[in-house]
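Remarks on the structure that follows.
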Amino acid sequence: MIPGVMAGMAWMAASAAIAAAPFEDSMAQRTLACTACHGPQGRAAPDGYYPRLAGKPAGYLYNQLLNFREGRRHYGLMTQLIDPLSDAYLLEIAQYFSSLEVPYPAPPPSTASADVLRRGRQLVTEGDAARKLPACVQCHGQAMTGVAPHIPGLLGLPRDYLNAQLGAWKAGQRRAHAPDCMQDVVSRLSLEDINAVASWAAAQPLPADTHPATSLPAVAPGSEAVRCGSAPLPARGTVEPKAKK
């Protein structure tokens, strides 16, 4: 089914769920419009188009909400949904989903060849010094569960979603705050590299502790630290919707 049609159906389902639910003024109820696409408690939709939100670092989720609202990522339904909301309210939403403890499903078996998976494992865990490509784990953590507060995990995401997001960075359709480290890294990956990384990462089992790490791994000898931009957190205060221009 076409993603736009699926999103429209999900939005109608969310509207019906919100209308039918008893009023309780909780964040769980306020985010029913989010979970209509991203799955109950943000555990991800089974179709692979909508990623998991539960348990991701709050800073990362907040940055992505800003990126959709401010045009660095492009999906009309997301933009319309969050455009009226203040920065402080977007942070509150991010913190809510980040706090949820929801089990991960087992990854599906990969259909990629052994050579593709071997290349994916190498790029994720070792990088490619000849092309000045850092290992993915240098930023995303040795366990690949992310690093708080701003770096997401790579595990528990469908191959198609990973392919789509890495492809969007390579095509310039997804951006982040400067310095945009992901754009710099992905620009040096071929489409075959992207498929290898996505295929290998999507097939990896989750560790016993799926929480994000609290600090970056030590930089490997001969490697350079990667600098990535992020949005400053809003001052604590109002979470009222922002005024329309």
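For Asp115, the conditions (1) closer than 19 Å to Arg188 by Cα; (2) at pLDDT 95 or above; (3) over 16 Å from the mean Cα position of the chain (by Cα) all hold with the exception of (1).
Within the range 141-164, residues that are basic (Lys, Arg) have Cβ atoms under 9 Å from residues that are open to solvent by less than 30 Å² (accessible area, probe 1.4 Å) and not in a loop (DSSP other than H, G, I, E, B) in these pairs: Arg159/Ala198; Arg159/Ser199; Arg159/Ala201; Arg159/Ala202, counting only partners at least 6 apart in sequence or on another chain.
Against the condition out of contact with any Gly (no Cβ under 6 Å at 6 or more places or on another chain), of a type outside the set (Val, Ile, Thr) and either open to solvent by 20 Å² or more (accessible area, probe 1.4 Å) or over 27 Å from Leu233 (Cα atoms) (or both), how does Gly156 come out, does it pass? Criteria met by Gly156.
For (1) surrounded by fewer than 16 Cβ atoms within 10 Å (Cβ to Cβ); (2) within 21 Å of Pro51 (Cα to Cα); (3) in contact with a Cys (Cβ under 6 Å, 6 or more places away or on another chain), each residue gets a yes or a no:
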residue: Leu85; (1), (2), (3): no, no, no
residue: Ile93; (1), (2), (3): no, yes, no
residue: Asp128; (1), (2), (3): yes, no, no
residue: Lys132; (1), (2), (3): yes, no, no
residue: Val137; (1), (2), (3): no, yes, no
residue: Asp160; (1), (2), (3): yes, yes, no
residue: Ala164; (1), (2), (3): no, yes, no
residue: Lys170; (1), (2), (3): no, yes, no
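Among the residues examined, Leu117 does not qualify as open to solvent by less than 30 Å² (accessible area, probe 1.4 Å), in contact (Cβ under 8 Å) with a residue 12 or more places away in the chain and in contact with a helix residue (DSSP H, G or I) (Cβ under 8 Å, 6 or more places away or on another chain). Here is the figure for the range 25-53: residues that are in contact with a Phe, Trp or Tyr (Cβ under 6 Å, 6 or more places away or on another chain) and either closer than 20 Å to Pro149 by Cα or open to solvent by 20 Å² or more (accessible area, probe 1.4 Å) (or both) total 5.
Ala178 fulfils the conditions (1) at pLDDT 95 or above; (2) part of a loop (DSSP other than H, G, I, E, B) except for a single criterion, (1).
Residues in the range 197-223 that are in contact (Cβ under 8 Å) with a residue 12 or more places away in the chain, more than 21 Å from Phe97 (Cβ to Cβ) and part of a loop (DSSP other than H, G, I, E, B): Ala203, Gln204, Pro205, Ser215, Leu216, Pro217, Val219, Ala220, Gly222, Ser223. One residue stands out among those in the range 1-54 that are among the polar types (S, T, N, Q) and at pLDDT 65 or above: the one that is nearest to Leu166 (Cα to Cα), which is Thr35.
The values are calculated or read from the model by the stated rules, or taken from the named source; none is laboratory data. This structure is a prediction, so every number in the text was calculated from the model and none was measured. Ideal geometry is used to build each Cβ from the backbone, glycine not excepted, and the neighbour counts take in all protein chains shown. Side chains included, ligands, DNA and RNA excluded: accessible areas come from the protein's heavy atoms. Shrake-Rupley method; radii C 1.70, N 1.55, O 1.52, S 1.80 Å.
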